[in-house]
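Remarks on the structure that follows.
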Amino acid sequence: MEYLTIPESGSSQQQIERAARVVRAGGLVAFPTETVYGLGCNAFDERAVRRVFAAKGRPLDNPLIVHVTADWPMLDFTEGTSRQVVDELARAFWPGPLTIVVRGGAEFAPSVRGGRTTVAIRCPDHPVALDLLEAAGVPIAAPSANSFNYISPTSARHVAEDLGDLCDVILDGGRTKHGLESTVVEVEQGELTVLRHGAIPLELLRGSLAGSVSVHDGTLTERGPRRSPGLHRRHYSPRVESVAVVPDLDLRPLALEGLPPDVVIRYVGYDSRQSLVPADWRTLSFGSILRLDAVAHDLYENLRRFDPADQRGLLILELSDEPGLGRAIDDRLTRAASGSILRSVDEVERFLAQLKPTLADS
Ligand code: TXA
Ligand code: MG
């Protein structure tokens with residue numbers, strides 16, 4: 001693996017040229033975007049795309065996002081009533097953290113679409129990503145550069161730790177700005193549906209568009225084909241046992257006696273809220289509930305820090321229950337907890353009771 005650092009000032013032409021050559025030759029390049037790092041390859045090269053799936057350990061039915069420059073002729077294959085909506089979206093949000101799913105994309109390597117007749121496209125708002133796309137001269141298919149179901153990377157170090165041996169090049173462009181993935185929307189017969197909450201809040205989409213915006217109930221159903229295959233119940237997950245809780249519970253009466261001393265219960269809440277938890281739990285913070293942009297920026301870095309490989313225990317993640325970016329943050333935390341949300345003190349108590357034997361002898 002070649003690790004190339006983008007200088008903070010001065011020219012990055014040499015590093016970009018090198019990475020672009022690797023993309024054109026069928027290699028895998030991890031690169032920064034404004035959301036998270038991507039693991040990219042030439043979107044026309046089926047062998048390279050297969051290598052991306054293999055590196056992540058990602059199932060082949062979970063399609064990739066194709067990254068393009070802003071002048072890419074997106075509208076050429078968007079038909080009828082959807083044209084206007086796609087045009088409106090691209091003008092309002094590109095370059096930026098919005099992924100648009102449209103019918104088409106048969107020109108890309110088959111695995112990019114994961115067996116569907118639609119393709120996901122976005123133009124990233126990051127100088128390194130845009131320079132790389134320009135220099136490579138081809139669209140770049142890229143999922144987030146983490147192994148399947150693990151936490152997404154917001155720095156080059158995260159990529160190196162998780163997938164270092166499997167990348168040909170890592171472009172280090174510093175920490176990513178938003179810290180959460182792009183918002184994914186589908187446009188079908190002129191109708192807009194949010195498939196994944198992300199860095200562009202629902203309220204901003206609704207406020208910027210003439211038509212209505214609905215939200216796909218991707219609420220973790222395991223039945224039937226998923227409209228967005230990436231909506232797995234378990235995703236973005238720390239390795240330590242994790243569970244999500246609603247805010248404002250008084251958990252002080254709960255105790256967890258009889259556990260080995262190396263089993264630690266960590267409760268992650270918000271600075272500006274009073275979490276009421278037993279004295280022997282460790283408390284950690286996502287930051288201030290009043291600064292959800294900062295919470296999002298640090299979310300994955302924090303989840304990695306709170307997931308020490310050498311310790312057993314339980315990570316309790318408090319949901320924000322806020323609109324805006326809160327939706328995306330809560331979505332990721334719920335998935336990190338494999339979909340289990342505890343909504344009352346009784347539910348937390350029952351959860352701890354059934355967990356006790358597992359923690360004691362694991
Ligand atoms: O911010 C981002 O979106 C980052 C950066 C690298 O661009 N990428 C990213 O990719 O998060 P990934 O592969 O981790 O997530 C892509 C999401 C998945 O949930 C996938 O199922 C969905 O987009 N997706 C891709 N193609 C789709 C399609 N044709 N129809 C429905 N959903 C699709
Ligand atoms: Mg991902």
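No value in this document is a laboratory result; all are computed from the given coordinates. Owing to the predicted nature of the structure, the values given are computational and were not obtained by experimental measurement. Here the Cβ positions follow ideal geometry from the backbone for every residue, glycine too, while neighbour counts run over all protein chains shown.
Counted residue by residue at 0.36 nm each, then reduced by the alpha carbon distance between them, the extension gain from SER340 to ARG18 reaches 111.5 nm.
Over every Cα atom in the chain, the radius of gyration and the widest Cα-Cα span, Dmax, amount to 21.0, 65 Å. Annotation: amide H of HIS126 within the under-5 Å range of GLU34, sequence separation 5 or more or interchain, hydrogens built in the peptide plane. Amide H to amide H, which residues 5 or more places from TYR3 or on other chains are under 5 Å from it, using H placed in the peptide plane? Under 5 Å from the amide H of TYR3 lie the amide H atoms of ILE170, each far enough along the sequence or on another chain.
When peptides 273-280, 22-29 are ranked by their average number of other Cβ atoms within 10 Å per residue, the highest-first order is 22-29, 273-280. The distance between label points at ASP321 and ALA353 comes to 2.4 nm (points 7 Å beyond Cα on the Cα→Cβ vector). Between the alpha-carbon centers of segment 75-151 and segment 157-207, tell me the distance in whole angstrom. What the calculation gives is 11 Å, centre to centre.
Here the spin labels are modelled as points 7 Å beyond Cα on the Cα-Cβ line, and at ARG252 and THR117 they lie 6.1 nm apart.
If you rank PHE44, PHE31 by fewest surrounding Cβ atoms within 10 Å, what's the result?
PHE44, PHE31
Taking the Cβ of THR183 as the center, what net charge do the other residues with Cβ under 10 Å away carry, scoring Lys and Arg +1 and Asp and Glu -1? With Lys, Arg at +1 and Asp, Glu at -1, the neighbours total +2. Between 0 and 90 degrees, the angle of helix 345-361 with respect to the longest Cα principal axis of the chain falls at about 90 degrees.
Local charge for ILE65 was computed over the other residues whose Cβ lies under 10 Å away, with Lys and Arg +1 and Asp and Glu -1, and equals 0.
Counting helices only, and only those DSSP H runs with n ≥ 4, report the 222 nm mean residue ellipticity of the chain as the sum of -39,500 (n - 2.57) divided by its residues, in deg cm²/dmol to the nearest 500. Walk me through the intermediate numbers first.
On the way: 9 runs with 105 residues, N = 362.
Taken over the chain, the calculation gives -9000 deg cm²/dmol.
With a cut-off of 8 Å between alpha carbons and a minimum separation of six or more residues, what is the relative contact order of segment 2-215 in percent?
Values: 476 pairs, mean separation 66.4, N = 214.
Once divided by the residue count of segment 2-215, the mean separation gives 31 percent.
Here each label is just a point 7 Å from Cα along the line to Cβ, and for SER214 and ARG175 those points are 3.9 nm apart.
Take the Cα gyration tensor of segment 38-170, multiply each eigenvalue by 5, square-root it, and list the three semi-axes largest first, rounded to whole angstrom.
Details: eigenvalues 123, 57, 33 Å².
Semi-axes (√(5λ), whole Å): 25, 17, 13.
Taking Cβ atoms as reference points and 13 Å as the exclusive limit, the residues near VAL245 contribute a net charge of -4, counting Lys and Arg as +1 and Asp and Glu as -1.
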